[in-house]
Amino acid sequence: MVGALTAGLLCTAGLAAPALAAPDAAPVTPTLTDGLALTPPMGFNNWNSTHCRAEFNESMVKGIADLFVEKGLKDAGYQYVNLDDCWARPSRGADGKLVPDPARFPNGIKTVADYVHSKGLKLGIYTSAGTKTCNPAGFPGALGHEYSDARQFADWGVDYLKYDNCNNQGVDAKLRYTTMRDALKATGRPIVYSICEWGQNKPWEWASDLGQLWRTTGDISDTWGSMLSILKQNLPLAPYAGPGHWNDPDMLEVGNGGMTDAEYRTHFSMWSVMAAPLLIGSDLRKASPATFDILGNKEVIAVDQDPLGRQGAVVSSEGGRWVVAKEMADGSRAVALFNETNSAQRITTTAAAVGLPQASAYTLRDLWRHTSYNTAGTISATVPAHGTLLVRVTADQRWAEHPPAVELGLDGSPFVEAGRTAAFTSTVTDLGRTPAGQVSVSLTGPAGWTVTPTSSTNAPALPTEHTLRTAWRVTAPEGTATGSYGLKLKTAYRSPTGVRAESVVPITATVVAPPPSGVSHLGDLPWLSAANGYGPVERNTSNGESAAGDGHPITIGGVVYAKGLGVHADSDVAYYTGGACKTVSAHVGVDDEKGGKGTVAFEIWADGTKVASTGVMTNAMPAQPLTADVTGAQVVHLVVTDGGDGIDSDHADWADAKLSC
């Protein structure tokens with residue numbers, strides 16, 4: 001397909017349960033016909049980039065507001081500049097009111113709000129529906145102070161409240177969040193109400209009468225595994241979203257450095273197709289041009305902000321090849337072709353499958369390349385690993401104004417051993433209603449690589465659904481270091497009206513070392529890729545918490561293992577086996593470091609086929625032996641899923657994991 005792309009802390013509850021404070025006046029009867037958040041809120045929140053560090057202060061907040069204006073983000077639709085935890089002093093004043101931290105906000109919150117408002121923007125603030133907020137330092141929460149705190153927020157000029165769930169003392173969630181709704185309404189100020197309940201009590205089933213958005217998941221972190229896990233939790237909730245009531249899969253990590261730009265484009269694309277709130281989580285004072293390009297893409301933002309308010313629905317997801325389609329107010333469909341896997345994948349659907357009416361042809365708009373094509377009805381692309389193609393497809397009468405869409409692909413194993421020649425076959429397929437003429441194709445590799453075609457690279461014309469196939473021989477020089485290398489597949493062609501068009505697909509080739517013969521511990525071998533639900537995958541220790549090297553000896557049911565892998569669901573660790581290995585074996589289970597918590601399931605996959613698995617395992621179960629026949633496989637994946645109940649405390653071990661080759 002033309003335009004395929006390179007693609008608050010959870011805290012434990014307290015103990016005692018105080019009674020909720022009685023309001024000063026009878027609560028108003030609330031309604032949500034107040035016009036708030038008719039499209040998903042867009043703005044900024046400092047937490048993902050600063051947490052409680054000293055750099056979170058008045059200067060930062062004002063600087064973000066300035067950048068919203070200077071960088072065109074305000075014009076793109078961003079309006080809320082939100083303060084997260086740690087803005088207050090650790091204790092209330094003698095009058096029981098909240099006190100801003102004088103070191104961070106020496107002029108008070110109202111001064112900051114006035115500055116933000118002067119820029120034509122709005123200010124948000126944070127507190128918790130408990131006795132204290134989520135930070136271990138223990139800033140005052142609003143439980144028992146709802147009406148007083150809401151009044152303070154309104155007097156300061158606050159326009160948005162993020163209401164967290166820590167230290168809730170066991171008080172019923174719906175009761176706590178209802179009380180703050182009533183308190184906000186009683187102020188008479190329109191304040192967007194963000195229910196940050198983490199999805200623990202399925203707020204999508206009851207919170208639409210309370211607030212404008214509700215968290216559906218635990219906290220996001222700046223990793224591919226975390227973003228992917230949260231995405232999968234939020235996707236099934238599409239029926240609950242709509243104008244004034246939105247599923248919130250947490251804030252954006254775009255630009256924080258833990259993912260590639262291609263992965264950040266996927267993050268932004270999928271949040272937009274899910275009609276999720278778009279709250280920037282990176283410090284824009286340090287952001288790269290690529291980060292501003294992603295966050296400022298108005299065509300992608302228009303998908304998120306579409307007034308119909310539909311959340312995209314999953315059309316298909318087989319093998320990590322996702323098609324998600326979102327109905328738009330003008331009758332078009334936004335379609336995301338999302339590749340969850342670690343290698344390029346062909347992902348395909350049709351106009352009919354995404355809900356468009358029958359038509360002779362369609363206009364297809366690539367929202368990242370900002371180019372339009374015609375298609376006879378097929379929507380298809382070779383999507384790079386972790387990439388997303390986001391298009392808008394319309395059944396209109398102007399399709400013939402655009403050149404035909406073509407799909408580029410490259411068949412063959414993406415793995416190359418240095419000094420040995422690999423064979424590839426490229427394909428160029430006309431997906432349009434009109435033919436592609438004067439078609440040429442090229443494949444280029446890194447400097448020093450040899451890339452040679454062994455069949456024709458040109459065709460005078462490609463009618464609809466016809467394909468030009470070209471065979472290639474690719475050699476990485478002897479001594480090339482292992483790792484990922486970029487190849488570029490490119491085609492150029494003419495439309496019937498003479499318009500020249502091009503398509504480029506970046507392809508990743510991975511230079512690999514052949515697996516060692518004999519029996520090896522997987523904890524000692526290099527992996528191809530490693531995705532983890534929280535923190536990094538650890539070698540020969542447990543997962544620990546969040547940082548590299550913070551694990552403990554692998555321990556399952558009191559038995560300690562010297563070797564293995566420590567992971568956190570959802571996780572996927574891939575190894576190159578090159579057709580030379582026979583078995584993978586391990587003792588698997590939930591690590592003892594999380595006490596009685598954690599439920600997971602283990603799977604072994606060989607070249608896309610599941611060859612071994614466990615049922616759901618809990619911390620109370622001893623290690624279970626797991627062995628798989630992987631004879632002939634090029635790649636083996638060790639996968640851990642969350643057992644069906646979310647990823648909290650899901651520390652899993654591949655103890656004594658071995659590969660026999």
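The values are calculated or read from the model by the stated rules, or taken from the named source; none is laboratory data. None of the values given here were measured: they were computed from a predicted structure. Note: ideal-geometry Cβ built from the backbone for every residue, glycine included; neighbour counts use all protein chains shown.
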Quick check: anything in the range 342-352 under 30 Å from Gly412 (Cβ atoms), surrounded by 24 or more Cβ atoms within 10 Å (Cβ to Cβ), touching a Phe, Trp or Tyr at 6+ places or on another chain (Cβ under 6 Å) and not small (Gly, Ala, Ser)?
no
When the residues of the range 289-314 are narrowed to those that are crowded, with 18+ Cβ neighbours inside 10 Å and aliphatic (A, V, I, L, M), which ends up farthest from His267 (Cα to Cα)?
Ala313
Go through the range 506-531 and give me each residue that's small (Gly, Ala, Ser) and not in a loop (DSSP other than H, G, I, E, B).
Ala509, Ser520, Gly523, Ser529, Ala530, Ala531
Selected residue (only one of Ala302, Ala353, Ala329 is out of contact with any helix residue (DSSP H, G or I) (no Cβ under 6 Å at 6 or more places or on another chain), in a loop (DSSP other than H, G, I, E, B) and within 25 Å of Leu213 (Cβ to Cβ)):
Ala329
Within the range 165-180, does at least one residue satisfy the condition of being more than 28 Å from the chain's Cα centre (by Cα) and under 20 Å from Leu38 (Cβ atoms)?
no
Considering the range 594-639, residues that are polar (S, T, N, Q), surrounded by fewer than 21 Cβ atoms within 10 Å (Cβ to Cβ) and out of contact with any Leu (no Cβ under 7 Å at 6 or more places or on another chain), and then whichever is farthest from Lys582 (Cα to Cα), we arrive at Thr618
What number of residues within the range 577-593 satisfy the criterion of being under 10 Å from His651 (Cβ atoms) and either surrounded by fewer than 24 Cβ atoms within 10 Å (Cβ to Cβ) or modelled with pLDDT under 95 (or both)?
2
Mind checking whether some residue in the range 66-89 is at pLDDT 95 or above, outside any loop (DSSP other than H, G, I, E, B) and within 15 Å of Pro140 (Cβ to Cβ)?
yes
Being modelled with pLDDT under 95 and either out of contact with any Cys (no Cβ under 8 Å at 6 or more places or on another chain) or not charged (D, E, K, R) (or both), is that true of even one residue in the range 281-288?
no
Test Ser503 against the criterion of being assigned to a strand (DSSP E or B), surrounded by 23 or more Cβ atoms within 10 Å (Cβ to Cβ), of a type in the set (Ser, Thr, Tyr) and at pLDDT below 95, and give yes or no.
yes
Taking the range 355-399 only, how many residues are modelled with pLDDT under 95 and over 25 Å from the mean Cα position of the chain (by Cα)?
3
Candidates Trp472, Trp527 - the one that is more than 30 Å from Met227 (Cα to Cα), surrounded by 13 or more Cβ atoms within 10 Å (Cβ to Cβ) and touching a strand residue (DSSP E or B) at 6+ places or on another chain (Cβ under 7 Å):
Trp472
